[in-house]
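Reading through the structure tokens given below for one structure.
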Amino acid sequence: MAKKRFVLSGYFGFKNFGDEAILSVIVKKLKEYNHRITVISSDPKYTTSKFKHIRSVYTFNIGDIIGAIAKSDCLISGGGSLLQDTTSLKSLIYYLLVIFIGLFFRKKVIIFAQGIGPIDNPIGKFLTRNIIRHCNYISVRDSKSQELLKSWGINADLLCDPIFSSTIPNVEKEDIVAVQLRNCKYMNEDFIDRLAQKVSKEFSDKKVEIYSFQDEIDLEICKKFEKALNMLNDSIKTKVYSNLTDEEIISGLTKAKYLIAMRFHAIIIALLSSTKTLAIDYDIKIEKIAAEFDLPIIDLKTHFTEQFNELKNLDTDKLAQKVQAKKFDWSAFEKCINE
């Protein structure tokens, strides 16, 4: 099979665990076929240090991006939630521009396991609909994204998130509550205090490990939560973890008995390792995965009621059965990249 050149576009190089884990999955799959890889990254040195024998160009060097795509055989956009304007309209237009460059040069373009939307801006909606309809293969990671595309007359395969294809080490659970927080629009001191009070009351006998997945966004909030917890209970054992590798994050979450988490891929790792999980709703993707797996969920605005009891009483065997049904189907993707 002839080697081909691939350009990968996503939220790469920002040292966010979920997106870097997705990148690892895609790179691993392409390397099975010895294809050549260039990654569009906000930190090309970091990205090339993580993976052997790949190239990387800077996210905002449009000249280098055009050059890489022009020399490639295929552009892959995804996974994650790139095509939405909740983050910003500018972000949506950027990722659409990269896709448009691939289409302009008549390259094969793949939308890979993305969550599409929400897109509220009419211009953003118009551009998204009329650009991605020309892509060669589209897969999405949830039914709402598939339904949105179907309403636009666009067919897409429904797959699970590619991180479900990860192999998680089977380790003995320790008496640990893992907490994973991030900053966002509605994050505030009141929520941090209420969460600290509840964790102190329900888990005072356990070690609390607090995980920053992307230090630029997460770390300050994690430190505030630890401070609030220690002010309530100076005997509770706490530790904030930051600047971790993907492997260190996975190792930490898999050994915990409980996880309280905001980030989508923290929840997936917990599901894969049968860790009892309470989701914190800050984005529609969290609502979707909590509903799919019947996880208790809290939000940043309302007071907690029975969710911590639900967390303690989760049936991990039932969770494991649902997770086992989530097999990532590579067949259409492999066919598309190797045609």
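The values are calculated or read from the model by the stated rules, or taken from the named source; none is laboratory data. The shown structure was predicted, so the numbers you read here are calculated from the model rather than taken from an experiment. Counting neighbours? That spans all protein chains shown, and the Cβs are built from the backbone with ideal geometry, glycine included. These area figures cover heavy atoms from the full protein model, side chains too; ligands, DNA and RNA do not enter into them. Shrake-Rupley method; radii C 1.70, N 1.55, O 1.52, S 1.80 Å.
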Could you look through segment 1-14, keep only residues that are touching a residue at least 12 places away in the same chain (Cβ under 8 Å) and over 14 Å from GLY80 (Cβ atoms), and pick out the one that is most open to solvent (accessible area, probe 1.4 Å)? MET1
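Quick test for you: out of VAL25, VAL39, pick the one residue that is crowded, with 24+ Cβ neighbours inside 10 Å and of a type in the set (A, V, I, L, M). Spell out the reasoning first.
Numbers: VAL25 fails: crowded, with 24+ Cβ neighbours inside 10 Å.
Being crowded, with 24+ Cβ neighbours inside 10 Å and of a type in the set (A, V, I, L, M) holds for just one of VAL25, VAL39, which is VAL39.
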GLU20 is checked against (1) more than 21 Å from ARG133 (Cβ to Cβ); (2) among the acidic types (Asp, Glu); (3) without any contact (Cβ under 8 Å) to a residue 60 or more places away in the chain and fails just one. What number does that condition carry? (3)
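If I go through segment 64-112 residue by residue, how many of them are outside any loop (DSSP other than H, G, I, E, B), among the aliphatic types (A, V, I, L, M) and within 15 Å of ILE123 (Cβ to Cβ)?
In the first step, residues of segment 64-112 are kept if they are outside any loop (DSSP other than H, G, I, E, B); the result is 64-70, 74-80, 89-104, 108-112.
Okay, now just the ones that are also among the aliphatic types (A, V, I, L, M), so 65-66, 68-70, 75-76, 89, 92-93, 96-99, 101, 103, 109-111.
Right, trim to within 15 Å of ILE123 (Cβ to Cβ) and you get 89, 92-93, 96-97.
Here the count works out to 5.
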For LEU278, work out the one condition from (1) in contact with a strand residue (DSSP E or B) (Cβ under 6 Å, 6 or more places away or on another chain); (2) modelled with pLDDT under 95 it doesn't fulfil. (2)
Would you point out the residue of segment 233-254, among those that are closer than 11 Å to ALA178 by Cβ and touching an Asp or Glu at 6+ places or on another chain (Cβ under 7 Å), that is least open to solvent (accessible area, probe 1.4 Å)? GLY252
Members of segment 63-86 found to be touching a residue at least 24 places away in the same chain (Cβ under 8 Å) and over 21 Å from the mean Cα position of the chain (by Cα), listed by number: ILE65, ILE66, ALA68, ILE69, ALA70, LYS71, SER72, ASP73, CYS74
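Rundown of residues vs (1) open to solvent by less than 50 Å² (accessible area, probe 1.4 Å); (2) without any contact (Cβ under 8 Å) to a residue 12 or more places away in the chain; (3) not aliphatic (A, V, I, L, M), yes/no style:
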residue: GLN146; (1), (2), (3): no, no, yes
residue: LEU149; (1), (2), (3): yes, no, no
residue: SER166; (1), (2), (3): yes, no, yes
residue: LEU181; (1), (2), (3): yes, no, no
residue: MET187; (1), (2), (3): yes, no, no
residue: PHE191; (1), (2), (3): yes, no, yes
